[in-house]
Amino acid sequence: ELVYYDIQNPAQPTLIQHEKSISFEKARIQEDTLELIRSQGISFIKLENGKFHPLKKINEAMEGAKVYEDKIYFSNSITKWYGLHVYDLKTDTVLKLDDAFDKYKSHIGAADICIREDLLWLVGQDEVILYQLQGSSVKRLILKSHNTIFEPEVIAMLDKNRIVVADRNEDPDEGFALHWIVYSDKKINTSVRLFPKKGIVAWQYFQNRFYFVLLSKAKNRNNYSFAIWQPDTNSTKEYQLPTLACEEHFANGVCGVFMEKQKGYLYKNDGEILTITGF
């Protein structure tokens, strides 16, 4: 089931009426569009006048897609959808914009896409590609290889030239990393912030800071902490949450975070919502 909460009245969740058969692994909100990410596709639901309306469901093994100005830009590593494509919602047509494989033999697996103004970022496992939108076409500005990011997800655009990408990984034994990617002087530069022996289960960018819920393990117990990262100074503060320790993460652990003013709301897999302050 897909529900949303009024933060002022979290005890009364509202069910979003959508396809009864839909199943998804992850949901995220990008501006006024809700993305439901599945192993075999992505569904888009647009918020208009306080109601949710289905936009389009792409039934392919989708790695990255983004709705922008009545179009869906997407990428896929299977042969049929190599490179960057665009789906026009008005004309119900698909057009290939760029095939990065032709010249660079790139691997755009597990890609994510973000767009602001006239720039489109395509972040793949092994490289990042920056495009300039030009009406119904794109111009490839730069392609740069980077260390492998197995599950890249753009968690924030600080502006059109700066993005932050998370190497999403809940397994504390493998750790996770944040990649701060900047386009300047026709070059792409990347700095990495590593979190060894920590898994990441939730994050939010709020008021120029990143807020994370981290997972670690000790003696068959799942332990959680609340971390704040300021990218401009690369400084981090971390607060332990010992009262949330549990044996079964997917049954009783933390799965989400929401920041508002000087409060943080933690969502648990069992439906409980907790408030944290004093940070």
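The values are calculated or read from the model by the stated rules, or taken from the named source; none is laboratory data. The structure displayed is predicted, hence computed values, not measured ones. Note that each Cβ is placed from the backbone with ideal geometry, even for glycine, and that neighbours are counted across all protein chains shown.
For segment 242-250, the condition holds for no residue, the condition being that it is within 14 Å of Tyr205 (Cα to Cα) and in a strand (DSSP E or B). Residues of segment 216-237 that are loosely packed, with under 14 Cβ neighbours inside 10 Å and either touching a residue at least 24 places away in the same chain (Cβ under 8 Å) or closer than 29 Å to Glu31 by Cβ (or both): Asn220, Arg221, Gln230, Asp232, Thr233, Asn234, Ser235, Lys237. Of the listed requirements (1) part of a strand (DSSP E or B); (2) outside the structural domain of Ala156 (by TED's automatic domain parsing), Val192 misses just one: (2).
Kindly provide the set of residues from segment 179-188 that are exposed (fewer than 12 other Cβ atoms within 10 Å of the Cβ) and either within 23 Å of Gly253 (Cβ to Cβ) or in contact with a strand residue (DSSP E or B) (Cβ under 8 Å, 6 or more places away or on another chain) (or both), ordered by number.
Across segment 179-188, the qualifying residues are Lys186, Lys187.
Restricting Asp159, Asp167 to residues that are modelled with pLDDT under 90 and over 14 Å from Gly64 (Cβ atoms) narrows the list to Asp167. Being of a type in the set (D, E, K, R), touching a strand residue (DSSP E or B) at 6+ places or on another chain (Cβ under 7 Å), outside the structural domain of Glu170 (by TED's automatic domain parsing) and closer than 16 Å to Phe212 by Cβ is a description that does not apply to Glu247.
Is segment 138-159 home to any residue that is part of a loop (DSSP other than H, G, I, E, B), in the same structural domain as Trp121 (by TED's automatic domain parsing) and under 21 Å from Ser225 (Cα atoms)? No.
Of all the residues in segment 67-86, those that are modelled with pLDDT under 85 and either surrounded by fewer than 18 Cβ atoms within 10 Å (Cβ to Cβ) or among the charged types (D, E, K, R) (or both) number 4. Say whether the condition of being modelled with pLDDT of 80 or more, surrounded by 13 or more Cβ atoms within 10 Å (Cβ to Cβ) and outside any strand (DSSP E or B) is met by at least one residue in segment 101-123. The answer is no; no qualifying residue exists. Of all the criteria given as (1) out of contact with any Leu (no Cβ under 9 Å at 6 or more places or on another chain); (2) more than 25 Å from Gln204 (Cα to Cα), the one not satisfied by Asp126 is (2). Selection of segment 88-100 for residues being closer than 17 Å to Cys114 by Cβ and modelled with pLDDT of 75 or more yields Leu97, Asp98.
From Val165, Val201, Val213, which residue is in a strand (DSSP E or B), in contact with a helix residue (DSSP H, G or I) (Cβ under 9 Å, 6 or more places away or on another chain) and crowded, with 16+ Cβ neighbours inside 10 Å?
After ruling out the rest, the residue left standing is Val201.
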